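A short reminder: the numbers here are calculations on the coordinates, not readings from a lab. Since we're looking at a predicted model, the values are computed, not measured. Heads up, the Cβs are rebuilt from the backbone with ideal geometry, glycines too, and the neighbour counts pull from every protein chain shown.
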Amino acid sequence: MSHTLSNGFVEPVLKTLHVPIHDLTYGRELIPISPAERILRSEPYVHSEFKLPFPYYGDTDRFIYYQTWSLPTASVVRDVDIFFIHGINDYGGRFSESCIPILEQGFRIIAPDLPGFGRSGGLHAYFSDVQELVDTVHLVITHVKEQNSLINKSTKTILFGESLGGMIVLTYAIKHPENFDAFNVLCPLIYVSPESRPYKIAEMIGKVLTKTPLGRLPLLAAHRGKCSSNPLIEEEFMNDPMTYNGNLRCSTGLALQNNIEWLGANLKEVKKPFLVQHGLNDRVTDCKGSKDLYEQASTPTNEKSILEYEGCEHMMLRDPVAGEKVFKDCVDWFISMDAKFKS
């Protein structure tokens, strides 16, 4: 309760008075590196990390953290960067638990922490505009390309996002199609499943609170308990000290709803090659969104694919029914795209 009062009342006043906040990550930067991330920071893997200034809306002390992983000893080294964009309440570093097969296929992985998540600056799980997250992706892609140019390296760029990350990738694909080559989205947040949609009264209250500093307050339960048929998978997520375990913040929820409406009206503007994957038992993001993406996108038919998985729920890469198949399909598609880039 003391943290909620501080975040909702005290900090907005301090920011108005230009009083600096000493720890911009609210303690997250001090959390030890996870065992999975530690593996990718030792040989034979190559790891790098960056903190980029992110003066969003004049907030000059903000920054974005991202890391890269590669495996120079892979049997084939591909000139393809895969930008993994994590879902809500998550962080980029947790992809280290799954990504080694991608590295073994010679791809390099770029894993940013979105603002307010992981080791990036910002109140945990708080944002007021999805455009802030889209601009984060643009910042990181631009920085990676600048780093590549310093060593005369040219790479193709594949965006890879799940859930909220899928929404961000799609929004980026519409607004910055010139800056990447293809994308893969898992269970993208295009529509919310009925099981996870808040009550109308809660949405109405949330819209009022977002006009005040109380927009930071975590009031909505949202998708908790609906991500997997195996409770141990969600328990594992909740036990990670770097993930966010609280309710959805009012401003965050409204920002998501606003972008859902915008995205639904603009799917026809998607023109890049893509693969969309969705579990048919998803209780968080509605499968209909992925079907509408496939049907409405202007991408040529031979350059777009949709895969649906019986019995699969929202945490697709960890799903006890279809997780292995989902991940294999991802890797196979990455390899097929690399072949097309070279042809």
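Sorting C227, C250, C187 by the number of Cβ atoms found within 10 Å of their own Cβ, with the fewest placed first, yields C227, C250, C187.
As a proxy for reagent exposure, H314, H176 were ordered by neighbouring Cβ count within 10 angstrom, fewest first; the result is H176, H314. Take the Cα of I335, step 7 Å toward its Cβ, do the same at Q296, and the gap between the two points is 3.4 nm.
Computed over the alpha-carbon pairs of the chain, the distance histogram in 20 Å steps reads 31, 61, 8 percent, short to long. From the square roots a ≥ b ≥ c of the eigenvalues of the alpha-carbon gyration tensor of segment 249-343, which class results: rounded (a/c under 1.5), prolate (a/b over b/c), or oblate? The shape class here is oblate.
Remark: the chain carries a charge dipole of roughly 520 debye about the Cα centre, counting +1 on each Lys and Arg Cβ and -1 on each Asp and Glu Cβ. Using 24 Å as the Cα-Cα cut-off, could you pick out the over-long pairs in K268/K288; K145/K342; K51/K272; K145/K291; K175/K325? Table pairs above 24 Å Cα-Cα are K51/K272; K145/K291; K175/K325. Listed from fewest to most Cβ neighbours within 10 Å, the set S229, S336 follows the order S336, S229. Note on the chain: antiparallel DSSP beta bridges, both residues inside, total approximately 40 percent of the bridges counted. For segment 2-342, the relative contact order is 16 percent, taking Cα pairs closer than 8 Å that sit 6 or more residues apart in sequence and dividing their mean separation by the residue count. With the simple model of a label 7 Å out from the Cα in the direction of the Cβ, L52 to S154 spans 2.2 nm. What net charge do the residues around I85 carry, taking every other residue with its C-beta under 11 Å from that of I85, with Lys and Arg at +1 and Asp and Glu at -1? Charge balance near I85 sits at -3. Taking a label point 7 Å from the Cα of L24 along the Cα→Cβ vector, which residues of segment 109-131 have an amide N closer than 19 Å to it? Only 111-129, 131 pass the distance filter.
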